[in-house]
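In what follows, a structure is listed as structure tokens, so that the remarks can point back to it.
Nothing in this text is a laboratory measurement; each read-out follows from the coordinates by a stated rule. Predicted, not measured: the structure shown is a model, and the values here were computed from it. A quick note on method: Cβ atoms are made from the backbone with ideal geometry, for glycine too, and the neighbour counts reach across all protein chains shown.
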Amino acid sequence: MAIPESLVKLEPEGRKLLESRSIDYIPDAERHGSLFSQFTLWLSANLQVTAIITGALAVVLGGDVFWSLVALLIGQLIGGAVMALHGAQGPQLGLPQMISSRVQFGVYGAAIPIALVCLMYVGFSASGTVLAGQATAQLLSVSDTTGICLFAALIVVLTILGYRSIHFVGRIASVIGVLAFCYMFAQLFAHHDIGALLANRHFTIASFLLSMSLSASWQIAFGPYVADYSRYLPRSTSPAKTFLAVGLGSVLGAQASMVFGVFAAALAGHEFAHHEVAYIVGLGASGAVAAMLYFSIAFGKLTVTTLNAYGSFMSMATVVSAFRARRAISTRHRFIYIIGMVGLSTLVALAGRHSFLKEFTAFILFLLAFFTPWSAINLVDYYCFTQSRYDVPALSDPDGRYGRWNAKAIGIYVLGVLVQMPFISTSFYTGPFVDALGGTDISWILGLIVPGVIYYVTMRRAPQTMPDRLILPVERD
């Protein structure tokens, strides 16, 4: 069936609304966009209710308000820098984030971290869908189950439309998010004694580092797909400016959300769990204004949940294409991947909606152990060795420059995961060294430093195999 012309054209110049590219290289002639759009995309992706909940966990799990805010900001800056360094790769490479992992891990070996990325997408999509479904249900006066399903259907549509639509929604969501948060903060400060909350201080190193872990993990979790949304920028775009646009948008949005979450949890006490969305809205509004806030919460989840669905489609396509030696993905397969991943996350959301807060905490903290080593290896390799000197055709050739499996990188990655295990503290797994550190979780720090240093030393001693320039699909050495 032919696609209507109204759906294909977004602007008079003929730019397509329905994206045709997937994991393949973006040619210079198709590059477009601006750094401001990167800022608004990541601002809107973080000005949302799941980030509020993440900030609230710092207090729910025992921290005070003042030191939780300080720790969240420090973790935000560290994690945001890691995330933005990944984002700066997009314009230089014109590739999705995870397919570039084939340079470090091999064409087949990259499937190992990518499979774990897919789990991340499902988890984050499910947790976001629970909260957006609650808001949708309140707004439309339907059940939470119906609200979750309606929200999931909208995510499918936006994900199929692709890159340009995601950025367009991000710009709208950033405006709605800024207005909603300004109103909620104004109501919070007008009706509650924030000074009294800040004055109640009981610093503990365990709670401080837990809060840092919450915000750092939040930011680092964007690493596997942040370049997916900067890869269409012109190749001449400054890496430093890309870093700032992506990083500032993400850090400002997340910190604003988490600050509000800290105050909300401190005021709510035990009433917060299982009623997160209703309590947040109830702090500042009722009636028609409450309805608008429910709308802003649901709309605010559109951006980041679509990012997860879009990233999951490209991650699945990356895994499958590695073993089929193909880069291009057909429209039919694209649709199947999207329906499959969104459907799975929706089922998880429906099954786990009554125990969301506890399970989400364990999920984000434990999952961090599998992404910090990947992030360290990818960043050290790109910024210290290969930079933008990639052989793009070889990324789809198991017999090419990068080979099938890179045993050294895979071994360092596994070591980076294992070295964290004794220091992880979650509800379903606690490492043996956690008690000796007073309950402090320092796993993510080791997960960044240890594999990064080992990979750097190993690569310095290894024969260099990278090309002397970027090799595009239309050319070969």
Report summary line: For the stretch 127-202 the trypsin sites (Lys or Arg not before Pro) that pass both the DSSP coil test and the at-most-14 other-Cβ-within-10 Å test are 201
**Report entry** Global form of the stretch 51-91, assessed from the alpha-carbon gyration tensor, a/c cut-off 1.5
**Finding:** prolate
Report task. Can you give me the span-like helices of the chain, meaning DSSP H runs with 18 Å or more of Cα extent along the axis and Kyte-Doolittle mean at or above -0.5? Result -> 65-87, 111-140, 144-161, 163-191, 205-220, 239-268, 287-324, 331-352, 356-381, 443-461
Query raised in the report: Ignoring the sites themselves, what is the longest stretch of the chain with no GluC sites (Glu not before Pro) in a DSSP loop and at most 11 other beta-carbon atoms within 10 Å?
Result: 14-474
Report task. State the answer as a single residue: which of 393, 153, 63 lies farthest towards the positive end of the charge dipole of the chain, with beta carbon charges of +1 for Lys and Arg and -1 for Asp and Glu, about the Cα centre. Result -> 393
Query raised in the report: Going by the alpha-carbon gyration tensor, a ≥ b ≥ c the square roots of its eigenvalues, is the chain rounded (a/c under 1.5) or, if a/c is not under 1.5, prolate (a/b greater than b/c) versus oblate?
Result: oblate
Query raised in the report: Roughly how big is the chain's charge dipole about its Cα centre, with Cβ charges of +1 (Lys, Arg) and -1 (Asp, Glu), in debye to the nearest 20?
Result: 1000
Query raised in the report: What's the longest bit of the chain with no exposed chymotrypsin sites (Phe, Trp or Tyr not before Pro), using DSSP loop states and at most 13 other Cβ atoms within 10 Å as the test?
Result: 204-427
